[in-house]
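Inspection log for the structure reproduced underneath, given as structure tokens.
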Protein chains: 2
Amino acid sequence: MKFATLKSKENRDGILCMVSPDHQTAVKVDTLVPHLRVALENWSRYQSQFEKIDQDLKAGKAANSFPVKIEDLHSVLPRTWLFADGSAFIHHIKLVRMARNAPLPETLKTVPLMYQAECGQFLAPTEDIPQIDFMHGTDFEAEVGVILDDVPMGISPEEALKHIRLIVLINDVSLRGLIPEELAAGFGFFQSKPTKALSPFAITVDELGSAWKDGRVHLPLHVKYNGQFFGKANAGEMHFHFGQLIAHAARTRNLAAGTLIGSGTVANEDISQGSSCLAEKRMLEQINQGKIETPFMKAGDTIEIWMENSSGKDLFGKISQKVKSVKKLF
Amino acid sequence: MKFATLKSKENRDGILCMVSPDHQTAVKVDTLVPHLRVALENWSRYQSQFEKIDQDLKAGKAANSFPVKIEDLHSVLPRTWLFADGSAFIHHIKLVRMARNAPLPETLKTVPLMYQAECGQFLAPTEDIPQIDFMHGTDFEAEVGVILDDVPMGISPEEALKHIRLIVLINDVSLRGLIPEELAAGFGFFQSKPTKALSPFAITVDELGSAWKDGRVHLPLHVKYNGQFFGKANAGEMHFHFGQLIAHAARTRNLAAGTLIGSGTVANEDISQGSSCLAEKRMLEQINQGKIETPFMKAGDTIEIWMENSSGKDLFGKISQKVKSVKKLF
């Protein structure tokens, strides 16, 4: 099944839709359920009705369908209660820590790194990334995320996997220039991790077929920067799988339905796969050429993030954003 | 004006009510607005109707009023998009850093410390604090918080004060035993800051009279631990005022209506005022007596947090919780 959310001026949660596999046709399901978070709170109540609509969409006979316009779509989950963003790709952690001369955590391979991220109002997948100050070092981070139903505190990694209802892509915008000072103060990221965007579509695990294995999505995550190839790192190279990340997040709290768990920046040891953020590319330039050549994002720069299945079919729609300079308000 | 939220099995956001000054009588306002976050998104639309109901409550002639039972109340804001918790009392920062042999941040007095906290499902004000493992070092932290309408990115501290719609109290439960390892890993608090509770009532700024000054609440915050006096530190001793905390949170993002900003643990240099968390008391014992005598919370321990105006009238109702041991699920 594939879900999307239409933007709505009246309702910040938008209008929930289901979408055909070719992304051409959608059906509103807002008469069935107010929005996606409510569906996640009561998944078993809605599942069979969702499945019926999905079958109709796949058979090309859904009633009241309409053509999908990507610019009408919000992030599929426009806002939620908790975005717990892991950092499960060891290669990424090594490079970004090297970039800021920070030591690797002793628990690098045994305890996931995780921070609580902004999720009160995601950008739409085609919305501009607002940049107040170029000196903040604007960067993208291409990630995979899972959206959960209610998860009880203390759950095991294996049980946790059963609570994954949907999979999405994420652009976790990062302000690299603000990170060293924030981490030095000891309270972790805050200003350095502003508003993010999710993919236009969220899909159920079964849509991935054999690419979903061991709690990981075994497919390349495509990244284009200013229209050029930037990366196609395989998301299956996660050190911790999503069940482990969920269990980490739920160790001392229940997770509310609608919780989003992020993989962290997708990164592969094989550097021919490129990168999923500028910080990595810059560090590799420093290592291999002795100096950094790639600047951080500037106004007008574009970033595209998408994922295809093994037959080359687009799965989540494209996050396609441009950096836009905004004036300081005060 | 004074608001409360009745627990509801059907609706996780509960049923919004307005409450009389003596906390005896309430009126449901759910026919006017679905719940508190929606009211915050459209405050100007509802304000005059809220004011009319408030006048009727104060005059003892509100229609369809009912007697308030504290055990029927949820946290006044049962869940929200963002809880940005500052740490604006320098005395608290000094003591807890001393306790874990951590240096003071260089920007102690110039840049607020702030972390993004759990807010997807607050505990009710009289709900048990679940404790999985006594070794986690369960502690309370008594705080003051402000609830905002929509705040634009880049706002100034002075302008930010105009976006405060409501004031509440918070018990920011902390697991001290988990903090050193989390902070050492560099990503800040996560597991060490589990689910919190808010006060039963939220009040508008005008209800504080002259006690609201310079963006601070100039009143003692009362804390009883296991039925005994524990603290009455004055919340007016905040180094950063709430406008500065809001501006810090909004530096690189818009803040969604419903955002909660916390003061951090209320603490005074004058130690005769007691403390608002166990970590401080323990550190003072270490300094003054050479050894720590007070253990962290154990099952059955009780914590009460409340605030009175200068005439001794209770303002927010009481956060009154007990620690309850829960079994590990898996």
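Points worth noting:
- Between A:Phe316, B:Asn226, A:Leu104, the Cα set farthest toward the positive side of the dipole of the protein assembly as shown (charges on each charged residue's Cβ, about the Cα centre) is that of A:Phe316.
- Across the identical copies, how the A:Lys324 labels are spaced - nm, sorted shortest first, 7 Å along Cα→Cβ: 4.8
- Relative contact order [Cα under 8 Å, 6+ residues apart], segment B:1-133, whole percent: 24 percent
- Average 1/r across all pairs of distinct alpha carbons in segment B:50-136, invert it, and you get the Kirkwood radius: 17.5 Å.
- Candidate aspartates and glutamates for bridging to A:Lys28, where Cα separation is under 17 Å - those fewer than 8 sequence places away on the same chain excluded: A:Glu10, A:Asp13, A:Glu51, A:Asp54, A:Asp56, A:Glu71, A:Asp72
- Here the dipole of chain A is about 420 debye; that uses its Cα centre as origin and unit charges on the Cβ of Lys and Arg (positive) and Asp and Glu (negative).
- Cross-link table B:Lys7/B:Lys193; A:Lys328/B:Lys213; A:Lys327/B:Lys162; A:Lys7/B:Lys2; B:Lys7/B:Lys298; B:Lys7/B:Lys313, entries beyond 32 Å C-alpha to C-alpha: A:Lys7/B:Lys2
- What the Cα atoms of segment B:8-66 give is an Rg and a Dmax of 11.6, 32 Å.
- For segment B:51-94, the fraction of alpha-carbon pairs in successive 10 Å shells from zero, as %: 18, 23, 28, 22, 8, 0
- Quarter of the Cα convex hull surface for segment A:126-232, i.e. its orientation-mean projected area (nm²): 9.1 nm²
- Volume per residue that the Cα convex hull of segment A:1-100 spans, once the total is divided by residue count, Å³: 161 Å³
- For segment A:66-109, a crude dipole built from +1 on the beta carbon of Lys and Arg and -1 on the beta carbon of Asp and Glu, taken about the Cα centre, is about 220 debye to the nearest 20.
- Both the radius of gyration and Dmax for the protein assembly as shown are 24.5, 78 Å, in that order, over alpha-carbon atoms.
- Dipole of the protein assembly as shown [Lys/Arg +1, Asp/Glu -1 at C-beta], most positive-end residue of A:Gly290, B:Trp212, A:His91: B:Trp212
- Built amide H within the under 5 Å cut-off of B:Ile129, gap 5+: B:Lys322, B:Val323, B:Lys324
- What separates the Cα centres of segment A:247-315 and segment A:161-234 is a distance of 6 Å.
- Distance histogram in 10 Å bins (all Cα pairs of chain B, percent per bin): 6, 27, 36, 23, 7, 1, 0
- The Stokes-Einstein estimate for segment B:160-208, based on a Kirkwood radius over Cα pairs and taken at 4 °C with 1.567 mPa s viscosity, is a diffusion coefficient of 98 µm²/s.
- Cα shape, segment A:105-171, gyration tensor, a/c 1.5 rule: oblate
- Sequentially through segment B:289-304, phi angles give Karplus couplings (6.51, -1.76, 1.60; θ = phi - 60°) of 10, x, 7, 7, 10, 8, x, 6, 5, 10, 3, x, 5, 10, 9, 10 Hz, Gly and Pro residues having no value and appearing as x.
- Computed log₁₀ I(q)/I(0) - Debye formula, equal Cα scatterers, no solvent, segment A:33-187, q 0.12, 0.16, 0.20 Å⁻¹: -0.73, -1.14, -1.50
- Surrounding net charge for B:Val38, when Lys and Arg each add one and Asp and Glu each subtract one, Cβ distance under 12 Å: -3
- Shape call, segment A:287-330: gyration tensor on alpha carbons, a/c limit 1.5: oblate
- This model, with +1 at the C-beta of Lys and Arg and -1 at the C-beta of Asp and Glu, gives the protein assembly as shown a dipole about its Cα centre of some 140 debye.
- Shielding by other protein chains, B:156-165, mean Cβ within 10 Å: 1
- Segment A:205-283: translational diffusion in µm²/s, Stokes-Einstein, Kirkwood Rh over Cα pairs, 4 °C, 1.567 mPa s: 92 µm²/s
- Computed in the context of the full set of protein chains, the accessible area of chain A at 1.4 Å probe radius has 49% of its extent on carbon or sulfur.
- Restricting segment B:236-330 to GluC sites (Glu not before Pro) that sit in a DSSP loop and have at most 12 other Cβ atoms within 10 Å of their own Cβ leaves B:Glu269, B:Glu293.
The values are calculated or read from the model by the stated rules, or taken from the named source; none is laboratory data. The model shown is predicted, which means the values in this text are computed figures rather than measured ones. Quick reminder, even Gly has a Cβ in these numbers, built from the backbone with ideal geometry, and neighbours come from all protein chains shown. These accessible areas exclude ligands, DNA and RNA; they are computed on the full protein's heavy atoms, side chains included. Shrake-Rupley method; radii C 1.70, N 1.55, O 1.52, S 1.80 Å.
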